[in-house]
Amino acid sequence: MRHLIPFCAAILFATLAEPLSGEPVRYNRDVRPILSDNCFACHGPDTANQKSGLRLDAREAAMKPAKSGDPAIVPGEVDASALVARILSDDEDEVMPPPNSHKKLTAKQKDTLRRWIAEGAEYEAHWAFVPPVKSGTGNSIDDFILAGLQEKGLQPSPPASRETLLRRLSLDLTGLPPKAVDLSDDPDLPTYIDRLLQSPHHGEHMAVGWLDAARFADTNGYQVDRDRELWPWRDWVIDAFNANLPFDRFTIEQLAGDLLPNATLDQKIATGFHRNHMLNEEGGIIAEEFLAEYTADRVETTAAVWLGQTFNCARCHDHKYDPITQRDFYAMKAFFHNVPERGIGIYSNPVRTNAPPFVRLPAPELEAKISGLTAKLKPVEEKLNSLAAGDLEPWAKKLAAATIEWQPLEPLKAVGGDTPPQIADKTVLIGPQETRANDIVIRVGIPGGNITSLRLECTTTAPSASFQWSELKVGESKLRSIDAAHIQVLDKDRKTRSVLSVAPDKPVQALFQLESALAGAEVEITLSVENAGGPSQWRFFATTNPTELIAPAGILAIAAKEPAQRSDAERNQLTDFRLAQMPDYRRLAEEVSALKKAIAETEAEIPTTLVMEELGEPRPTFLLMRGAYDKPGEQVAAATPAVLPPLADGLPRNRLGLAKWLVSPENPLTARVVVNRYWQHFFGTGIVSTSEDFGSQGGLPSHPELLDWLALTFQESGWDVKALVKRIVTSATYQQSSRFAGGSTEADPMNLLLSRGPRHRLSAEVIRDQALAASGLLVPTIGGPSVKPYHPPGLYEQVVAQRDNPKATYQQGSGDDLHRRSLYTYWKRSVPHPGMLLFDAPFRETCSLRRSRSNTALQALNLLNDPTYVEAARHLAQRMIREGGPGVESRLALGFRLLLTRNPGPQELEVLTAAMERSIKDFTGDPEAAKQFLAVGDAGTDETLNPAELAAYTMLASTLINLDETITKE
Amino acid sequence: MSTESSLAPFSRRNWLKTLALASLANPRLFASPAAHFAPRAKRVIWLTQAGAPSQIDLFDYKPGLASQFDKDLPDSVRGEQRLTGMTSGQKRFPVAPSVFQFQQHGRSGMWLSELLPHTAKFADEICLIRSLHTEAINHDPAMTLLQTGHQIGGRPAFGSWVSYGLGSDNADLPAFVALISRPSGPTNAQPLHERMWGSGFLPSKYQGVRMSSGKDPVLFLSDPPGITAERRRAMLDDVTALNRLKFADYHDPETQARIDQYELAFRMQAAVPDLADLSKEPTDIYDRYGPESKKPGTYAANCILARRLAERGVRFIQLYHRGWDQHNNLPSGIRSQCHDTDQPTAALLAELKERGMLEDTLVIWGGEFGRTVYSQGVLTPDNHGRDHHPRCFSVWMAGAGVKGGHVHGETDEFSYNIVRDPVHIHDLNATALHLLGLDHTRLTSRFQGRDYRLTDVHGHVLKDILS
């Protein structure tokens, strides 16, 4: 739908806004769209980039002589106006717009501009900046819509059928199909609407659009894209809708809840709104650069969500179409620039994934567990410390005095590697190059006696060589690295590696203790090489001396020194080595680290949520030249955009003041922008079709007086959201049939005049939730951490980096997690759930106020083959059989009602019964196929049912799930 | 299939009028805007080397560096350039000459590294640009800029623009396909992002479709177990029959579009597995593309798949090969990367050439930025790393309409700054669009009141490299 902007606007212009001959030309309706689209880019509000010193968006400026000397516009004098001459010119060098702009005025547009100048070239302020007024021509939605229809000689459509309305209302107000319990007493519509508005699922459904606006996701985005925790904010939004929090408070608490006097935990959680932006965790980024990104995102999001303005243009220069200056942008940024944040995600800390500031949620059980673990940790740590305090010297002396008898091992056979290893003179030659991961297996003879330790020696005949290995195996024996440098090759994960850099004069050795004895006369030594540059020569030695006396050369050298001669670093090195060789110390150290890990893991379980906080001393904010973080210009103070009414004197110059200003009665935009989005929610298109852009380039309102009436009524009601919603859904306009009817369809194909009710495809979330609800699989729990339902395998692995992201594999949930409502589905920004993306959900990287509604073959494949829907079809089938009575027709009718809230018509029933006959026969003859088909998904199958029959009903249920009507609100 | 019988309450004339008007709102019914002028290229294969391959070790031959080993990079060369946080704390910036040998190849005498023995055989087909530059210095923004013309996500990928501008040549396949391969070496592979082949603010039908050679080459393509193509066909006939009844009642053109899309889905179920089934290739193909080509998901296997897609008229094929981010152990890392990519790349060029397809296929090879001449971390005669370097890097193009055996642009003796013919990513994109018959200043789409382009407000066609 997003791409429709120009077309909607064009049609609107053509059908609604055409100046009738004889009727005077009006600037806002007739002229501004032409000038804005064709001229303002070079002759508009962006003062830095005006061509020829000419500005056409303000009357005085347009009447001044331009560089050429002639005024562009002389009111009333067409011939004296250079603008007219230029747009009519045939000369390529003269004509405006110039050919290289690829813009061209139509004859009608030229005529409009000519007539406008002839009539005096009166300008009007842009409609959206003029305060809304109640025109007095209507006092209900239907008054304004009917007036619009009558003007075009059109009739409204008849009301939709009761079944259609029940479904339309339920889908629009709760995102779920009607519940039997809500229909059981055959309620009148007002009662039914109230029930839906009171349903806890209402808040869930209304929240989705707000989550798009707020760019809510479960990961940080950018390259690393690790998890964050912000679901408590999402739950706050759901609660706010359910509690009907007035929109002014909804605004103030989310933008500045932390600045309210005695802010509650809930009010702090609400400020997560502006922590939803992406956060870069990539190594080596420059914090300032990304802080500039985050604050810009907050400015742009605030401007779009509350003001319907495209501030992003003003980040680098004055806006080219709207009176928003670059200074306005940075003055707004100053409100959002005082958060104690770092600019970079905390990359090194795997435990706490949230980047400050955040708040902890109360979790008494977890806190008690932590106290318990901490109490256990203390005595173990004390024991460990007492061992560490032991005397070093007797041991050091013994170590320095010891002689270790190393016996060379005889290599018998060596295989593996890019080129086969060569054996010569008890030495194995590996290389000259190893380009990829490979196991090099060397069989060696072992001498008698109880071998305690091994020594591996690596050198090279080349000037230098490097050898990268990831594993070492010696038969089945358990190894322990005596030299911590090579500990990585023992972890058996084939990921962590150790590099040996050698030169002829710098051989390298690695020492290992054998923790279990070797058996037999030969053993295989396996070196897992990852790559190697240059040839390397390997030799292997064994000893029967006790391991306590073995140490690498560096340690031996330190041990041999007089205690007074050792540096602090050397003493520490020696102490660490001694402790590492003590089995008791190792055991206690392991215990300590296990306890610490348990504490850290428990701490990580305490939910936190990102919030805004305010620095005591505000950070200075500078205008950034061309938007570049490292090109600061002059300093600016926090201020609201100059073109709008000023921030009242009594309001603080911080986020709280800004939030209050946004919902102040003087603000001409917020109420209009908000009611327009609700209109869009119910009718598919806003009264202003470009719901994110109320500027010069946006669409004009199809019903300006209605928009103003709704906005003012909304404000007067105390920003009562449910009252607004109720006003819309109880209107006859909303309740019309959505059939395309002859006459009005021709005159109003886009339904801009609303000569019929809304009919459009459901959102990604509603399509899935509806199938889950109809099949009885839906788990209706509200809130909590996001969940991981079915997901095609392999999608993450292809694109996610394992190193950066321990959860590089999608770890599918189980049980209830598979069937929660879709707004709880884990949202990974780099790989959003494909079921969401295919049905036009945004990436949630930046603010999105409108989703497109595409119609693609990939959607068909999703609904046909995704286990989500195959499983839902089976459970819907089970309901049809178990609850639909004994007859085929009544069972089919139940399936229809569960998804579509109506009974099938006779022709539909004919198709369905024929399909059923065919399918039962088919599956009865192929029980294996039925069995396979019924095994999809984790939710199980009713084993008491006849498999062939169930398979046939499942096929039918899948047919119903795939109908156009099913995925459409009508 | 005719829908006329179901249109009884509506006159045909009215219906057509409705459809025509509705099509304004419905991009699927839009005929794609045709090329602006006669194209040289019908399709693009973009061999995207994610992580940033080192230009110094592959393409940008600097013999003078050998004598500079471990000397400090002169401040006059480095200038005020920003560094990533990974090396900005380094005390020294010691020059690390390439450890690899370069040789001249082909009639053109193009200097190429010993790491590219197979690609080097096509030196006379390749147009090597040694003077690419970009603003971004971190992977994600840089790759997003390379793909969409902007560092921040939200704009359409190159392939989406082409799909939007030219449509598809194959009614059963998407116009824009993304293939992702994994490196065989133990390298740190840079993550990718679905948005890199996303359609941004263009309708989602223009987004790249991720395809692989596994069981489901396209998401959800396979019918569930137990459901044969016959059963699916019969079921779809039921869906269509019911949708037609709906259409007869409501006359919403969207319903008709839905019927068409379900038919397309069914055709894709037949066409795609056939396309992705590499077992039908003659066995000598695997010799040409190298041993890795038998393993699904490797760069080599994806090169074969790319050729099959190109043969079937897919407009824009984007391969991603990750793992070029050699901050340390560059010599071994880049060797492993070239082992994965060099032979298959050359085999792809060879096959396209043999089939006469190189004439109208544009092949592009390159990453998101370059790497520094100075070593990141410890420098030894045979080991070092290199940090990110946006100021210059190398990319090559081959095929439709570009000069073979041609080198464009030049860098200073440190491969640090461009000294001749700088080429911005916008210029590269403008040129590629030009070869496709599209004027980059005219291929626009309006979003938030502004006409957006792939090249933003920049970009010049590189006339010098056109044949």
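The values are calculated or read from the model by the stated rules, or taken from the named source; none is laboratory data. The structure displayed is predicted, hence computed values, not measured ones. Counting neighbours? That spans all protein chains shown, and the Cβs are built from the backbone with ideal geometry, glycine included.
Assorted remarks:
- The criterion of being within 14 Å of chain A (Cβ to nearest Cβ) and over 30 Å from A:Val800 (Cα atoms) does not hold for B:Asn138.
- From A:Asp938, A:Asp942, residue being surrounded by fewer than 17 Cβ atoms within 10 Å (Cβ to Cβ), farther than 17 Å from B:Ala234 by Cα and within 31 Å of the chain's Cα centre (by Cα): A:Asp938
- Pick from the range A:660-691, criterion of a type in the set (Ser, Thr, Tyr) and in a loop (DSSP other than H, G, I, E, B), ranking: nearest to A:Gly718 (Cα to Cα): A:Ser664
Listed here are the residues, each with its yes/no results for (1) modelled with pLDDT under 95; (2) crowded, with 23+ Cβ neighbours inside 10 Å; (3) in the same structural domain as A:Ala872 (by TED's automatic domain parsing); (4) out of contact with any strand residue (DSSP E or B) (no Cβ under 6 Å at 6 or more places or on another chain).
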| position | (1), (2), (3), (4) |
| --- | --- |
| A:Arg803 | yes, no, no, yes |
| A:Ala808 | yes, no, no, yes |
| A:Gln812 | yes, no, no, yes |
| A:Arg829 | yes, no, no, no |
| A:Gly835 | yes, yes, no, yes |
| A:Asp840 | yes, no, no, yes |
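- Segments classed as helices (runs of 4 or more DSSP H), wholly inside the range B:211-315, with at least 2 members that are aromatic (Phe, Trp, Tyr) and under 30 Å from A:Ser744 (Cα atoms): B:229-250
- Exactly one residue out of A:Asp769, A:Asp748 is over 30 Å from A:Leu894 (Cα atoms), crowded, with 21+ Cβ neighbours inside 10 Å, acidic (Asp, Glu) and in contact with a Ser or Thr (Cβ under 7 Å, 6 or more places away or on another chain), and it is A:Asp748.
- Listing of strands (runs of 3 or more DSSP E) fully contained in the range B:62-153 that carry 3 or more residues being modelled with pLDDT of 95 or more and hydrophobic (A, V, I, L, M, F, W, C): B:110-113, B:126-133
- The residues listed here are B:Leu173, B:Leu202, B:Leu192; of these, the one that is within 11 Å of another protein chain (Cβ to nearest Cβ), more than 30 Å from A:Gly221 (Cβ to Cβ), touching a residue at least 40 places away in the same chain (Cβ under 8 Å) and crowded, with 22+ Cβ neighbours inside 10 Å is B:Leu173.
- Scanning the range B:378-428 for residues that are polar (S, T, N, Q) and either assigned to a strand (DSSP E or B) or within 30 Å of A:Ala465 (Cβ to Cβ) (or both) yields B:Thr380, B:Asn383, B:Ser394, B:Thr411, B:Ser415.
- Considering residues of the range B:367-387 that are of a type outside the set (Ser, Thr, Tyr) and closer than 11 Å to B:Ser98 by Cα only, the residue farthest from the chain's Cα centre (by Cα): B:Pro381
- The condition (being away from every other protein chain (no Cβ under 12 Å), within 12 Å of A:Ala952 (Cβ to Cβ) and either surrounded by fewer than 19 Cβ atoms within 10 Å (Cβ to Cβ) or touching a residue at least 60 places away in the same chain (Cβ under 8 Å) (or both)) is satisfied by just one residue among A:Arg882, A:Arg874, A:Arg891, A:Arg918: A:Arg891.
- Of all positions in the range A:857-874, none carries a residue that is within 26 Å of A:Arg228 (Cβ to Cβ), outside the structural domain of A:Ala939 (by TED's automatic domain parsing) and of a type in the set (A, V, I, L, M).
- Of all residues making up the range A:216-252, the number that are outside any helix (DSSP H, G or I) and closer than 17 Å to A:Pro785 by Cα: 10
- Residue within the range A:16-32 that is at pLDDT 85 or above, buried (at least 20 other Cβ atoms within 10 Å of the Cβ) and within 14 Å of chain B (Cβ to nearest Cβ) present: yes
- Test set (1) within 19 Å of A:Ala214 (Cα to Cα); (2) within 14 Å of chain B (Cβ to nearest Cβ); (3) aromatic (Phe, Trp, Tyr); (4) in contact with a helix residue (DSSP H, G or I) (Cβ under 9 Å, 6 or more places away or on another chain) - A:Phe290 fails condition number: (4)
- Given (1) under 17 Å from the mean Cα position of the chain (by Cα); (2) within 25 Å of B:Arg386 (Cα to Cα); (3) surrounded by fewer than 23 Cβ atoms within 10 Å (Cβ to Cβ), index of the condition B:Glu135 fails: (1)
- In the range B:436-454, residue nearest to B:Leu166 (Cα to Cα) [restricted to those that are buried (at least 24 other Cβ atoms within 10 Å of the Cβ) and either polar (S, T, N, Q) or more than 14 Å from every other protein chain (Cβ to nearest Cβ) (or both)]: B:Leu436
Listed here are the residues, each with its yes/no results for (1) polar (S, T, N, Q); (2) over 41 Å from the mean Cα position of the chain (by Cα); (3) assigned to a loop (DSSP other than H, G, I, E, B); (4) more than 17 Å from A:Tyr27 (Cβ to Cβ).
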position: A:Cys42; (1), (2), (3), (4): no, no, no, yes
position: A:Ala61; (1), (2), (3), (4): no, yes, no, no
position: A:Val74; (1), (2), (3), (4): no, yes, yes, no
position: A:Asp90; (1), (2), (3), (4): no, yes, yes, yes
position: A:Lys104; (1), (2), (3), (4): no, no, yes, yes
position: A:Lys110; (1), (2), (3), (4): no, yes, no, no
position: A:Arg114; (1), (2), (3), (4): no, yes, no, no
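- A:Gly698 surrounded by fewer than 24 Cβ atoms within 10 Å (Cβ to Cβ) and within 12 Å of chain B (Cβ to nearest Cβ): no
- Applying the criterion of at least 2 residues that are out of contact with any helix residue (DSSP H, G or I) (no Cβ under 8 Å at 6 or more places or on another chain) to the helices (runs of 4 or more DSSP H) found wholly in the range A:841-900 leaves A:867-883, A:888-900.
- Entry remark, the range A:752-805: residues being within 11 Å of chain B (Cβ to nearest Cβ) and in a strand (DSSP E or B) number 2 in total.
- Scope the range A:77-93; condition surrounded by 12 or more Cβ atoms within 10 Å (Cβ to Cβ) and either touching a Pro at 6+ places or on another chain (Cβ under 9 Å) or not hydroxyl-bearing (Ser, Thr, Tyr) (or both); matching residues: A:Glu77, A:Val78, A:Ala80, A:Ser81, A:Ala82, A:Leu83, A:Val84, A:Ala85, A:Arg86, A:Ile87, A:Leu88
- Neighbours by Cβ (under 9 Å, 6+ apart or cross-chain): first from the range A:252-278, under 20 Å from A:Phe241 (Cβ atoms) and of a type in the set (Val, Ile, Thr); second modelled with pLDDT of 95 or more and assigned to a loop (DSSP other than H, G, I, E, B): A:Ile252/A:Leu260; A:Ile252/A:Val663; A:Ile269/A:Val611; A:Thr271/A:Ala263; A:Thr271/A:Val611; A:Thr271/A:Met612; A:Thr271/A:Glu613
- Exclusive hit being outside any strand (DSSP E or B) and among the acidic types (Asp, Glu), set B:Asp451, B:Asp456: B:Asp456
- Taken over the range A:919-948, the criterion of being among the polar types (S, T, N, Q) and not in a helix (DSSP H, G or I) is satisfied by A:Thr941, A:Thr944, A:Asn946.
- Within the range A:453-569, strands (runs of 3 or more DSSP E) holding 1 or more residues that are closer than 30 Å to B:Cys338 by Cβ and either away from chain B (no Cβ under 13 Å) or not aliphatic (A, V, I, L, M) (or both): A:453-459, A:465-474, A:498-502, A:508-514, A:522-533, A:536-543
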